[in-house]
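Colleague: Sending over a structure as structure tokens; questions will come in a sec.
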Amino acid sequence: MKTQRKIEHYGLKSHEARFGTEEKCRQYLAELRWENGVPTCPDKECKNMYMNYYISSRKIWCCSRCKKQFSLTKGTIFESSNLPLTLWFKAIYYFTIHKRGISSCQLARDLEIEQRTAWFMLHRLRETLNNNENLNLEGEVEVDETFIAPILGKDVRLQSKKQKHDAEQEKIHGLSDYKKRKLRGYPLKTNRQKGVTKEVIEQRKIEKALLGERKNFEQPIVVFGILQRNGKIHLEVLGKGDGEARKENIFPIIKRHVTSKSIIVSDQSSIYKTIKKFFEEHQFVNHSKGYVIKGIHINGIENVFKHLKKMIKGTFFHIKLHHFQNYLFEHSFRWNVLKKSDREKIDEFLPNLGRQHRLKYGDLISRTFNPLNFAA
Ligand SMILES: [Zn+2]
């Protein structure tokens with residue numbers, strides 16, 4: 001008879017038993033940041049561990065050698081936060097456990113705080129997952145790119161923006177092909193080139209040169225992904241617009257995270273034609289003929305993208321380009337710990353808190369898009 005696997009539940013109750021009081025949270029952080037939990041001066045040259053004295057009214061230490069004052073949270077995401085650590089650890093629980101992430105509105109309701117505060121908290125938690133390590137993926141590695149366009153269906157603001165944009169474009173370029181067909185009552189999938197003479201094509205070329213090309217409403221965000229079979233994933237934003245999915249953008253990412261003795265599996269896209277030079281082998285599957293041909297497929301990475309899109313559609317709706325990479329860090333983390341139990345997921349996340357990851361509100365809201373530029 002098949003024995004049922006016993007699932008160890010790890011709910012908010014169990015989490016509170018570990019991090020329910022301020023003292024327990026501080027104890028955990030101290031052990032994470034300092035050797036044996038002994039307060040250590042954060043000054044890079046000093047690093048003094050001995051005889052640092054505690055100022056209990058302000059919960060800070062004073063270095064006995066360089067006389068600088070320091071706190072437990074200095075340099076971490078908690079620095080100069082007015083919220084109690086117990087609230088932060090509760091937020092970490094929600095952030096880590098929910099399969100599709102948690103929106104700032106929901107977190108605000110759960111913790112009874114302002115939405116703006118919850119939004120900033122979530123961004124700081126995402127920031128801890130931003131580590132510039134080379135993953136050294138090996139074996140069979142799937143690579144692919146995807147395009148994430150704004151969801152018009154549910155967003156009223158986006159719809160009205162699109163109508164405005166379309167009206168502007170119509171003034172310059174006239175009706176779009178889609179609208180023309182719709183007005184004439186032709187079936188929508190007619191061959192666009194049917195009945196187009198050489199003269200018409202010439203005329204269009206002249207018009208294009210004069211007016212420029214018709215602009216699409218909003219360009220999709222291009223995301224590139226690498227997946228090691230039965231291993232970790234890495235996701236990266238390339239930029240906005242179809243043109244960003246270029247060899248020049250993609251190859252450095254693959255070279256940085258995949259070891260040279262690996263087998264690269266991709267689709268039939270011409271981008272990957274010359275990838276064979278850098279790796280042991282290159283296999284590709286022609287998606288116009290089938291999704292699995294002779295055992296070759298990239299369904300693993302397609303699956304990652306599907307879940308990413310579900311996360312955006314179901315939880316976040318619209319993500320700005322300059323914040324997108326952090327959401328990808330969140331998704332990658334969640335994917336990499338997918339098969340672990342809830343307790344293991346939390347234990348996997350918590351060590352990230354010890355890293356130096358101060359994020360100021362001003363820096364966050366004035367952020368601009370930078371492609372990830374890790375030192376090669
Ligand atoms: Zn010191």
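The values are calculated or read from the model by the stated rules, or taken from the named source; none is laboratory data. Just so it is clear, the model here is predicted, and its values are computed rather than measured. Because the Cβ atoms are built from the backbone with ideal geometry, glycine has one as well, and the counts that use them run over all protein chains shown.
Colleague: Which members of the range 32-61 meet the condition of being under 39 Å from the mean Cα position of the chain (by Cα), surrounded by 11 or more Cβ atoms within 10 Å (Cβ to Cβ) and within 9 Å of the ligand (Cβ to nearest atom)?
Modeller: Within the range 32-61, 40, 41, 42, 43, 46, 47, 48 qualify.
Colleague: While we're here: Which numbered condition trips up residue 371, out of (1) surrounded by fewer than 16 Cβ atoms within 10 Å (Cβ to Cβ); (2) not in a loop (DSSP other than H, G, I, E, B)?
Modeller: Among (1) surrounded by fewer than 16 Cβ atoms within 10 Å (Cβ to Cβ); (2) not in a loop (DSSP other than H, G, I, E, B), residue 371 violates only (2).
Colleague: Let me ask something else about it. Of all the residues that make up the range 62-97, how many are outside any loop (DSSP other than H, G, I, E, B) and away from the ligand (no atom under 16 Å from the Cβ)?
Modeller: 13
Colleague: What tally of residues in the range 82-102 results from selecting those that are out of contact with any Phe, Trp or Tyr (no Cβ under 7 Å at 6 or more places or on another chain) and surrounded by fewer than 19 Cβ atoms within 10 Å (Cβ to Cβ)?
Modeller: Total meeting the criteria: 8.
Colleague: Shifting gears a bit: Filter the range 336-365 for residues that are part of a helix (DSSP H, G or I) and β-branched (Val, Ile, Thr); which is farthest from the chain's Cα centre (by Cα)?
Modeller: So, considering only residues that are part of a helix (DSSP H, G or I) and β-branched (Val, Ile, Thr), the one farthest from the chain's Cα centre (by Cα) is 346.
Rundown of residues vs (1) within 25 Å of residue 80 (Cβ to Cβ); (2) part of a loop (DSSP other than H, G, I, E, B); (3) touching a Phe, Trp or Tyr at 6+ places or on another chain (Cβ under 7 Å), yes/no style:
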position: 271; (1), (2), (3): no, no, no
position: 274; (1), (2), (3): no, no, no
position: 302; (1), (2), (3): no, no, no
position: 325; (1), (2), (3): yes, no, no
position: 334; (1), (2), (3): no, no, no
position: 367; (1), (2), (3): yes, yes, no
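Colleague: Another question about this same structure. Just the residues that are more than 19 Å from residue 354 (Cα to Cα) and loosely packed, with under 12 Cβ neighbours inside 10 Å, please, taken from the range 1-31.
Modeller: 1, 2, 3, 4, 5, 6, 7, 8, 9, 11, 13, 17, listed by residue number.
Colleague: Which condition number does residue 6 fail, the rest of (1) in contact (Cβ under 8 Å) with a residue 12 or more places away in the chain; (2) more than 29 Å from residue 111 (Cα to Cα); (3) more than 16 Å from the ligand (Cβ to nearest atom) being met?
Modeller: Of (1) in contact (Cβ under 8 Å) with a residue 12 or more places away in the chain; (2) more than 29 Å from residue 111 (Cα to Cα); (3) more than 16 Å from the ligand (Cβ to nearest atom), only one is false for residue 6: (1).
Colleague: Would you call residue 138 out of contact with any Cys (no Cβ under 8 Å at 6 or more places or on another chain), farther than 15 Å from residue 215 by Cα and either free of Cβ contacts under 8 Å to residues at least 40 places away in the same chain or surrounded by 15 or more Cβ atoms within 10 Å (Cβ to Cβ) (or both)?
Modeller: Yes.
Colleague: Contact list please: Cβ distance under 7 Å, first residue in the range 204-233 and among the hydrophobic types (A, V, I, L, M, F, W, C), second residue assigned to a helix (DSSP H, G or I) and modelled with pLDDT under 85, pairs at least six apart or on different chains.
Modeller: That search, which allows pairs on different chains as well, returns 211/172; 211/173.
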